[in-house]
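Reading through the structure tokens given below for one structure.
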Amino acid sequence: ACPLSIKNSAQAHIFYSSPTPSPYESPTHVSPSFPPVLSLYEEDDVDLEALVNDMNSSFESLYTSCSVQTESTPLLHNGQLPRHAAYHTHAQPTSPHQRLHRSQPMHILAVRRLQEEEQQYRTSSLPAIPNPFPELCSPASSPTLSSGSLPQCQPSGKYIIKVFSEDGMGKVVEIPADMTARDLCQFLVYKNHCVDDNSWALVEHHPALGLERCLEDHELVVQVQASMTSESKFLFRKNYAKYEFFKNPLNFFPEQMVAFCQETSGTIPPSQLLQNFLNSSSCPEIQGYLYVKEMARKSWKKLYVFLRRSGLYFSTKGTSKEPRHLQLLADLEDSNVFTVITGRKLHNAPTDFEFCIKPNKVRNEVKELRMLCAEDEQSRTCWMTAFRLFKYGILLYQNYKIPQQRKTLLSHFSAPVRSVSENSLVAMDFSGRIGRVIDNPVEAQSAAMEEGHAWRKRSQRMNILGSPSPLHPSSLSGVIHRTQLWFHGRISREESHKMIHQQGRVDGMFLLRDSQSNPKAFVLTLCHHQKIKHFQILPCEEDGQMFLSLDDGATKFTDLIQLVEFYVLNRGVLPCKLKHPCTTVAL
């Protein structure tokens, strides 16, 4: 019991030191017992004599419990005894006179130890303050600099990355640590004066493994770069199919491949297809046959595979879904799905529709990759899209909606501000003797289109007759299309397939190129229902004037620009309208 008597205890505050041992003590050292530290805020009748006697007795007991060999025992720079001195728990008996002289340094040691423990508990609950003088304090004896007291923080600062375009040219960019893939694409679009149609993407490319994937918009570029090797690189290109499954889900998820785990039969309504994938409480799955390459072997096996939120499984007994017959192939949490770009010859794949599940920890080990192969392009797209939905869920839908919300907010400022004089302009018809105002807006639009066609005809006549101006050579209509982004010159059929596949096999993806069989003709390469088709554009002559036509002269055009503009608005003989030009950009 404490001998101190406090008459008014309502205004006295008692603070006990924590019983947790100091981290600087030895595990075998017994912590001394200290009396409670009292803080009095009111001067009442206090027995000072009893207080002094109690402090002397406590210091003497403290000295006897601690081990001090001699008066010459050195102290560390923080007032702490050497570690080897703490193991001597039994001290030799000394005289009371010696105890009186040795009690004072032990009092200083106890106070310093209490201060160190208090500082340690304070730093564990508050953010650590950096030490301004690290050379004056060693990390081993300072609780502020200890690794356990420092909070885990995100990487900060600036990082240098290099982004390549499809022509092999690269650009070095300095980015912050928190920059996402969407922000970097917006930055490159602004710097290179590209059309911002929210279809640009950052691609993670591994040439040694023959793999690549499109980064999600919310992924941090610095974190992805940390898992890449020195040979890997980032590519900047178009990807129209990144969120196309939100617009046309039935084209990406065939009915026979989608099923519910809790249902043995039944179909999924189209309106609820994507909701089931985005809802974490539902249990959809993708099922079907896949060719699976055995680990560390060149052989492939055709297995019945199930893709669920928990991972990718295959059945050891036919198409059985019983848990005892399912074995895990790959995990979704720490992996990403990649497209194999090296072709079927490298891995001896049974088909051309190969993809891969790569763990994030794998660098260049081909043996650790899970190589898969589908029957056709639609099934491969279904497997890869479902993998993204199961892994990221509602984040993909938020990434899809962000550009649309931004476009809605900027729609009020997108329209140009017209002056008062421009508001007084009206459409006029000067075909007759007296000009008249065109009141019907449909007639005004058709008159504008006729004027544009008439201008093309006049320019065509000038080209035939010859123009003295160097800006309008006689063969202007034969070379003007080469300045367009959708024209790619003399590329092969295989190269056109590769470009369309890289930028997304969506309906309306197209490009134009020179024909390899006919030097005077062109070829329109178009994607429809994930299949690539080719249409030859042949020249035809009428009244001594050369035209271009897709349908054997039924519809004629003066140049390729007019042809593309027509089929953007009209389907004509094509399976669908021209919608997404396959373009490349030079960084």
Using a cut-off of 10 Å between beta-carbons, work out the net charge of the residues near Asn336 (Lys and Arg +1, Asp and Glu -1, Asn336 not included). 0
Taking all protein chains as present, what is the carbon and sulfur share of the accessible area of region 246-409, in % to the nearest whole number, probe 1.4 Å? 50 percent
So Lys579 and Glu542, fully extended at 0.36 nm per residue minus their Cα-Cα distance, gain in nm 10.3 nm
Calculate, in nm to one decimal, what Ile394 and Glu495 gain on full extension: separation in residues at 0.36 nm each, minus their alpha carbon distance. 32.8 nm
Want the number for Lys520 to Gln327: 0.36 nm per residue separation, take away the alpha-carbon distance, what's left? 63.7 nm
Set the bar at 24 Å for Cα to Cα. Now go through Lys158/Lys498; Lys171/Lys401; Lys238/Lys401; Lys358/Lys391; Lys247/Lys579 and name every pair that lies beyond it. Lys158/Lys498; Lys171/Lys401
All other residues with a Cβ under 15 Å from the Cβ of Leu396 taken together, and with Lys, Arg as +1 and Asp, Glu as -1, what is their net charge? +4
Could you check the simple spin-label distance between His534 and Gln405, using points 7 Å along Cα→Cβ, in nm with one decimal? 4.5 nm
Output for region 246-409 (equivalent-ellipsoid semi-axes, sqrt of 5λ from the C-alpha gyration tensor, Å, descending) is 27, 21, 15
Modelled label-to-label distance, Glu255 and Val568, 7 Å Cα→beta-carbon offset: nm? 3.7 nm
Simple spin-label estimate for Leu303/Glu375, 7 Å along Cα→Cβ, in nm, reads 1.9 nm
Longer than 19 Å from Cα to Cα, which of Lys533/Lys577; Lys531/Lys577; Lys302/Lys533 are they? Say none if no pair is. Lys302/Lys533
Compare Ile491, Ile341, Ile537 by solvent-accessible area with a 1.4 Å probe and give them largest first, with all protein chains kept in place. Ile341, Ile491, Ile537
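The values are calculated or read from the model by the stated rules, or taken from the named source; none is laboratory data. Everything numeric in this text was worked out from a predicted model, so none of it was measured. Neighbour counts are summed over all protein chains in view; Cβ atoms, including those assigned to glycine, are modelled from backbone coordinates with ideal geometry. Side chains included, ligands, DNA and RNA excluded: accessible areas come from the protein's heavy atoms. Shrake-Rupley method; radii C 1.70, N 1.55, O 1.52, S 1.80 Å.
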